[in-house]
Amino acid sequence: MAAYRGMGPRRVAVETPAVAPQPVVAPEVAEHKAHDEKLAAPEVPERPIEIARETPTPPASEVVPPTNAVADNAAAAALGKRLFFDKHLSTDATIACASCHDPAHGFSDPKPFSVGVRGQLGGRHAMPITAVGFQAFTLWDGRADSVWAQPIKAIENPKEMDLTRLELARVVATNYRAEYEALFGAMPPLDQTPVRGKPGMVEWDGLPETIRNDVDEVAANVGKALEAYERTVTCSDTRFDQWVRGEVTLTTQEMNGAQSFVAHRCARCHDGPAFSDGKFHNIGVPSTDVGRSGGIPQLLADSFNGAGLFSDDLAAGQVKPAAAATETGTEGAFKTPRLRGAGQRTFFGHASHQETLRGFIADIYRGGRGGRDVTVGTLDPQMQGVAVPNDELDDLVAFLHTLDCPGNVTATAAP
Ligand code: HEC
Ligand code: HEC
């Protein structure tokens, strides 16, 4: 049973606490610390940033995920790291998770659309895994309600890795048996099973339920180990964090950008420790992708969701699917990206329609954009009043670069 940490209201700076992920501090201590940080923060007399406000407690599921008992287990993270860089998770051993989530590019893909097995192109930008541990749902449309439920979708996607869960179980049995069994217990016997098999294939659907459940459990556990690793990719000691702790000063331009960020209501959606509310909004990115409204039915039908057989806390795991079922305004809505490390990436938005940070902000958040209709669904009401004048664009970009991740590449190079 996972423990919950960091509960209770917190005081945060610039609407976003500069916290190391999952801080293990009592709420009262956090409050005092933030108060001290506030006092230590450099004074900017002319355009003072709104320094602090109360934020509601994040749901515990966003802190330590209750459905993954090994989320913070070091041995699981070590196994997950090896899996993340292993090309044998793809059908022709050409593609690893890291092929599309490249540590050298902030764990995202420098290409607008990723290339999977046999040179196939995907249809959405590969977002980073950085700071994904803060998010309640994964993928642009949130069709996974945890970090661990996501990997099997990439592994079995015919355009991405095109392995099946039966082949995945064999890879684990052959190459990772000892580490796996130490964490999760005995691997199921696979000698009576066909080579390839996943739901929808006759070879799989004809297998006895007990065998299917055993193999599904291996896929879930692979996901849980991957999540334990992904939770260590955090980007939590940026210049912004150092500034909040009073260790460095920001330039006038960066401070102006921070002011713009608040004034133009960016923090309505890009708030919290990862600069994302983890919610879904239609902000009018040009594409015909329906996003969240397509993701919810998939989430509810997903045997790897928090309410399913492989969840380590069924009661807590039911909360997110239940909440998702009642969401409104979901057509054309996509998950708010985390902005930590955004300045080190290329291509922005789910459709990669802009190559630069400046270009994306200028196109989507420009003042008086009035003209362009949203392609699907309706514009999120929270976009009301979001209007960045051209002469503030450089300041905003400078501010976002204070969130550049330090030491990304060396700290997380392939094992
Ligand atoms: C062929 C490229 C490709 C491969 C291989 C790949 N991914 Fe992804 N990844 C993507 C794309 C594209 C998205 C966004 C897809 C979507 O939202 O529909 C994504 C999204 C994600 C997300 C969601 C992040 C968030 O903020 O919600 C995570 C986590 C992730 N991938 C982890 C992995 C892991 C772990 C593996 C290996 C098992 C993997 N990926 C393999 C391309 C890839
Ligand atoms: C109503 C909520 C909302 C507001 C307000 C908002 N954003 Fe966003 N932002 C989003 C969503 C959702 C996306 C992804 C949209 C998509 O791809 O369809 C996004 C995407 C982005 C991206 C691209 C990141 C990436 O990795 O692809 C940047 C940069 C960004 N926003 C910055 C800002 C700035 C700067 C402001 C203020 C001027 C702002 N946002 C205001 C919700 C919001």
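Laboratory data are not the source of any read-out in this text; all were calculated from the coordinates shown. Note that this is a predicted model, so its numbers are computed, not measured. As a convention, Cβ positions derive from the backbone with ideal geometry for all residues, glycine included, and neighbour counts pool all protein chains shown.
What residues from segment 217-235 fall in the zone where the backbone N is under 15 Å from a label point 7 Å along the Cα-to-C-beta line of Leu309?
Only 217-221 pass the distance filter.
Quick one: check the C-alpha center-to-center distance for segment 215-239 versus segment 135-182, whole angstrom.
So the two Cα centres are separated by 11 Å.
In a shell of Cβ-Cβ distance under 13 Å around Asp141, excluding Asp141 itself, what net charge do Lys and Arg (+1) and Asp and Glu (-1) give?
Net of charged neighbours comes to +1.
How much length, in nm to one decimal, is gained on full extension between Val374 and Thr232, taken as 0.36 nm per residue of separation minus their Cα-Cα distance? If you can, show how the numbers build up before the last one.
Numbers: separation 142, 0.36 × 142 = 51.12 nm, distance 3.68 nm.
Value of the extension gain: 47.4 nm.
Report, in whole Å, the centroid distance computed from the Cα atoms of segment 309-383 and segment 281-308.
Using only Cα atoms, the two centres lie 11 Å from each other.
Compute the length gained on full extension between Val248 and Ala325: take 0.36 nm times their separation in residues and subtract their Cα-Cα distance, giving the result in nm to one decimal.
That works out to 23.3 nm of additional length.
Once R0 is set to 51 Å, what does the formula 1/(1 + (r/R0)^6) return for the Cβ-Cβ distance between Ala93 and Arg358, expressed as a FRET efficiency to the nearest 0.05?
Working: r = 39 Å, r/R0 = 0.76.
The pair Ala93/Arg358 has a calculated efficiency of 0.85.
Which net charge results when you count Lys and Arg as +1 and Asp and Glu as -1 among the other residues whose beta-carbon is under 14 Å from that of Thr402?
Taking every Cβ under 14 Å from that of Thr402, the sum is -4.
Which one, His270, Cys235, Thr193, is farthest towards the positive end of the dipole of segment 157-289 when Lys and Arg carry +1 and Asp and Glu -1 on their Cβ?
His270
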